Amino acid sequence: MFALRGIAVSLTLFWLSYCALSVLVAYGWRYLDRLRNLPPRVVASLLFAARILPFALSLAGTLVFAAPSFVWLEPRGTDEEIGVAPLLLGICCLAFFAVGLTRVVRAQTSTSRVISSWLRGARALDVGTPAPSFQASSSVPPLTLAGVCRPRLLFSESALALLSPDELRCAVRHEVAHMKFRDNLKKLALQFAWFPSMRNLEKAWQHAAELAADDDAVSNANEALDLAAALIKLSRQLPNQPLPVISMGLVQDGALSVRISRLLNWKESSSGSARKFRWFAVPSLVAILLTTAAVYGPLLAQTHEVTEWLVR
């Protein structure tokens, strides 16, 4: 009974904190629009952090505070029964994990199925990328990075025929940037940490990720023009079928005109500013960890009082 109560209380605290934080993020993330002047890589990182923050904080709170406080401070000899509320909320939390796992398996399965169909009769290419590259039929999207564990770069026949060597090189670098920052893995994580009303935030993150990949793909005005030309040419070659869930397509972003306009008016990338921003974040994280360690004992006691209230 002690272990069952501990599991029920931990799941309840996770579920309550996750729902509360998710609601706050779902309706408050638009304030990040004020940061649109920051480098796209920073904006993409902030948007993804905001999207995954409810899950990360709730999981950390459960593992670092809720479970330890119950194990260390709850008397084991008590005959206290589990309340109806913790039991129902714990079941809701388990259902959340089950749905998230189902979404992950479904996304992986459907993506693998689509990739397999694209690779039938495909021809291997050597374009100097870390991921295996293939020329598939003209029915596939022009240029797509698909998969997580074994990502593949797939070209359509029309893409290879339309693009000049310089345009193709910039387009490939764009997809390599997605692979470098594990954007497909992030999309898979979002499938697990699902929550209603997060679709607009996820679209904003994906658009920022595309802008950031554009910046990583070009280093001067000529390369920016080459990538813009590639986007214009390939935007006319889109197939009817949508991309699989765990993939990043070069011309699948809904705000394609914004990207093209930005490349035509290209300015020197501010990737250095992005690196400086990360160094500002490190001291803040260290300060939070040190503060938490200093007051860990009192926080455990407060958390145990909350779990006592939940059990009753």
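Throughout, read-outs are computed from the coordinates displayed, never taken from laboratory work. The shown structure was predicted, so the numbers you read here are calculated from the model rather than taken from an experiment. FYI the Cβ positions are ideal-geometry reconstructions off the backbone, even for glycines, and counts take in every protein chain you see.
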*What number, in percent, do you get for the relative contact order of the chain if the mean sequence gap of Cα pairs under 8 Å and at least 6 apart is divided by its residue count?*
26
*In square nanometres, what is one fourth of the surface area of the convex hull spanned by the alpha carbons of the chain?*
18.2
_Sequence-separation-based contact order of the stretch 1-78, relative, with Cα cut under 8 Å and 6+ spacing, percent_ = 53
_Distance from the stretch 1-50 to the stretch 129-159 (C-alpha centre basis), Å_ = 33
_Just want the ordering: GLU308, GLU175, from fewest to most Cβ atoms lying within 10 Å of their own Cβ._
GLU308, GLU175
_Just to be sure I understand: with springs between alpha-carbon atoms less than 10 Å apart, which residue in SER284, SER156, SER235 has the highest mean-square fluctuation in the Gaussian network model of the chain?_
SER284
*Rounded to the nearest 10 degrees, what's the angle between the helix 40-61 long axis and the longest principal axis of the chain, both from Cα atoms, 0 to 90?*
20
*Pull up the cross-link candidates among the lysines for LYS267, meaning alpha carbon to alpha carbon under 19 Å and not fewer than 8 places away within one chain.*
LYS276
*Gaussian network model of the chain, Cα within-10 Å springs - most flexible of VAL140, VAL295, VAL218*: VAL295
*If you line up the long axis of helix 199-217 against the longest principal axis of the chain, both from Cα atoms, how many degrees apart are they, to the nearest 10?*
50
*Would you mind counting up the charge near ALA146? Only other residues with Cβ under 14 Å from its Cβ, with Lys and Arg at +1 and Asp and Glu at -1.*
+3
_Neighbour net charge for ALA26 - beta-carbon separation under 12 angstrom, K R +1, D E -1_ = +2
*Relative to the longest principal axis of the C-alpha atoms of the chain, give the angle of the C-alpha long axis of helix 221-234, reported between 0 and 90° and rounded to the nearest 10°.*
90
*asked:* Given a 10 angstrom Cα cut-off, can you work out which residue in GLY90, GLY28, GLY100 is the most mobile in a GNM of the chain?
replied: GLY28
